[in-house]
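Report on one structure; see the data block that follows.
The values are calculated or read from the model by the stated rules, or taken from the named source; none is laboratory data. Values in this document were obtained by computation on a predicted structure and should not be read as measured data. Neighbour counts run over all protein chains shown; Cβ positions are idealised from the backbone, glycine included. When the accessible area is computed, the model is the full protein with side chains, heavy atoms only, and any ligands, DNA or RNA have been set aside. Shrake-Rupley method; radii C 1.70, N 1.55, O 1.52, S 1.80 Å.
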Amino acid sequence: MSKSAIILGATGLTGGKVLQQLLADARYSKIILFSRSACEISHDKIEEHLIDLFELENYKKDFVADDVFCCIGTTKAKTKDEVLYKKIDYVIPVAAAKLAAENGINNFIVISALGADAESKLFYNRIKGLMENTVLSKNIDTIYVMQPALIGGEREEKRLGEYVAKVLMKLINPFLIGALKKYKSIHPETIASAMVWLANNPYESGRIKSGVIQKISDKA
């Protein structure tokens with residue numbers, strides 16, 4: 001039996017890797033994309049909806065699949081406006097989870113971040129934590145919240161601060177052992193393969209820390 005999947009954020013770094021893996025995965029015959037810009041990939045599996053993601057709730061009839069991969073997210077460097085940041089990192093994932101629950105979708109996988117905490121004094125960590133709590137409260141059979149450390153890889157859009165951080169992480173990664181191992185940077189391909197594995201294998205619903213993401217990917 002073939003499966004269908006929804007990807008939000010397929011034009012992003014990790015979302016693009018999820019799309020590539022699903023296109024190569026024989027288990028999936030249909031991949032529905034909700035994005036504000038085209039992915040520029042022509043493939044029989046792809047059904048693309050170019051929309052305003054802040055109005056996702058208006059597309060309930062199209063939001064139907066077996067699995068949802070929510071790869072939406074921004075950074076402090078890219079989105080300094082806190083109101084806009086919250087709309088991207090909280091409102092969109094929560095709207096997607098709400099639609100998934102209403103349409104009976106069984107698997108919902110969303111990317112958050114290591115350090116997400118609804119009680120944090122740091123705005124960005126707090127928003128991620130609030131998003132996690134709200135998504136996990138939805139009536140969906142299995143919800144996986146990915147909490148990666150700094151994501152490696154090259155974006156089409158260059159961000160100087162992020163580039164510097166990635167270079168530094170490459171240097172210190174070998175020294176992050178024991179309790180510090182969870183802070184190692186992680187590749188987008190690793191996150192994507194873990195997400196696809198989780199959508200197709202039994203695993204305890206909940207938050208998936210960066211080190212566990214790596215372990216899941218290793219066996220994918």
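Values computed for the structure shown
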read-out	value
Test for residue 160: is it modelled with pLDDT under 95, within 25 Å of residue 77 (Cβ to Cβ) and surrounded by fewer than 16 Cβ atoms within 10 Å (Cβ to Cβ)	yes
For residue 60: the one exception among (1) surrounded by 15 or more Cβ atoms within 10 Å (Cβ to Cβ); (2) touching a helix residue (DSSP H, G or I) at 6+ places or on another chain (Cβ under 9 Å); (3) touching a residue at least 40 places away in the same chain (Cβ under 8 Å)	(1)
Complete set of residues in the range 73-87 that are open to solvent by less than 40 Å² (accessible area, probe 1.4 Å) and closer than 15 Å to residue 116 by Cα	74, 75, 85
Members of the range 16-63 that are among the hydroxyl-bearing types (Ser, Thr, Tyr) and under 15 Å from residue 2 (Cα atoms)	28, 29
Test: residue in the range 1-10 that is surrounded by 16 or more Cβ atoms within 10 Å (Cβ to Cβ), touching a Cys at 6+ places or on another chain (Cβ under 6 Å), under 23 Å from residue 149 (Cα atoms) and among the hydrophobic types (A, V, I, L, M, F, W, C)	yes
Some residue of the range 136-145 being aliphatic (A, V, I, L, M) and under 20 Å from residue 79 (Cβ atoms)	no
Residue 128, sole failed condition from (1) buried (at least 21 other Cβ atoms within 10 Å of the Cβ); (2) basic (Lys, Arg); (3) more than 14 Å from the chain's Cα centre (by Cα)	(3)
Residue in the range 43-56 that is free of Cβ contacts under 8 Å to residues at least 24 places away in the same chain, within 19 Å of residue 130 (Cα to Cα) and surrounded by 14 or more Cβ atoms within 10 Å (Cβ to Cβ) present	no
When residues of the range 88-125 are limited to those that are among the polar types (S, T, N, Q) and either over 24 Å from residue 64 (Cβ atoms) or in contact (Cβ under 8 Å) with a residue 60 or more places away in the chain (or both), the one surrounded by the fewest Cβ atoms within 10 Å (Cβ to Cβ)	120
Residue count for the range 131-150, restricted to those that are out of contact with any Phe, Trp or Tyr (no Cβ under 8 Å at 6 or more places or on another chain) and either part of a strand (DSSP E or B) or open to solvent by less than 20 Å² (accessible area, probe 1.4 Å) (or both)	5
Residue match in the range 183-206 (condition: at pLDDT below 55 and over 17 Å from the mean Cα position of the chain (by Cα))	yes
All positions within the range 28-40 that are in contact with a helix residue (DSSP H, G or I) (Cβ under 8 Å, 6 or more places away or on another chain) and open to solvent by 70 Å² or more (accessible area, probe 1.4 Å)	36
Which numbered condition residue 68 misses (of (1) over 29 Å from residue 149 (Cα atoms); (2) buried (at least 17 other Cβ atoms within 10 Å of the Cβ); (3) among the β-branched types (Val, Ile, Thr))	(1)
